[in-house]
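The values are calculated or read from the model by the stated rules, or taken from the named source; none is laboratory data. The structure presented is a predicted model; accordingly, all values stated were derived computationally and were not measured. Because the Cβ atoms are built from the backbone with ideal geometry, glycine has one as well, and the counts that use them run over all protein chains shown.
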Amino acid sequence: MSRTLSRALVGAAAGLALALGVPLAASAHVTVNPNTATPGSYATVNFRVPTESETASTVKLEVTLPTDTPLTAVLVQPVPGWTATVEKGALPAPVEVDGNTISEAPLKIVWQADPGVGIGQDQFQIFSAVLGPVPDTGHLVLPAAQTYSDGEVVDWAATPDEVAADDTLEPAPVLYINDAPPASGHGASHGAATAANDDDHTMSEASSSDGSAGAALGLSIAALVIGIGGAVLGALAFARRPKKA
């Protein structure tokens, strides 16, 4: 009886783990949320940083800010156990912002963990910042470098076009302004579009989203069915065992 029930429970647990793993695996990268902003606003954004390593913790995050459409004001929210620094410097070339010529601007935000602090396995951390004024452009790519305690560095730097051509690349966090964010996929994150597209484009995105969501839901249901089936078969096997005299 004990062995039969154990087999049934293992089958059910495996199915449940697969079902839960489907949506989690698709979002285990550094993202910015919300991923939309309005031109001219001062947007509060949250960088969500999960740890994927099984042997090390995340101890540093560096977010590179744009220099062709610079952000002149960057504020960071303190995080206990972390030191946040906004690095400023000269731009490659002067840029006109609201009628003013800007030659220096924030170039990078760095969050560094204090000794003994880090984002462990199966954990994530939110790092918040205010960025502004948001430039009147399509979108901002915000490359992020994630450093682990063992020295490994993961560069989340691929642009949306690069990810579209090769979805094995590590996508950078993207803040969409006049462009519509992707409805689904490797580079998508939560947020509403700030600009309307034509009907055909909207219908195409909706179809893609429905297809991706349907595939994930189908895998989840299949996994649950497998797990439940294992439990049922285990119970039937136990019921059919001949009783000892």
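For this structure, a couple of remarks:
- Among strands (runs of 3 or more DSSP E) entirely within segment 102-176, having at least 1 residues that are loosely packed, with under 14 Cβ neighbours inside 10 Å and among the aliphatic types (A, V, I, L, M) singles out 124-132, 153-156.
- Leading residue by the ranking (modelled with the lowest pLDDT) among those in segment 154-187 that are within 23 Å of GLU62 (Cβ to Cβ), under 12 Å from the mean Cα position of the chain (by Cα) and small (Gly, Ala, Ser): GLY187
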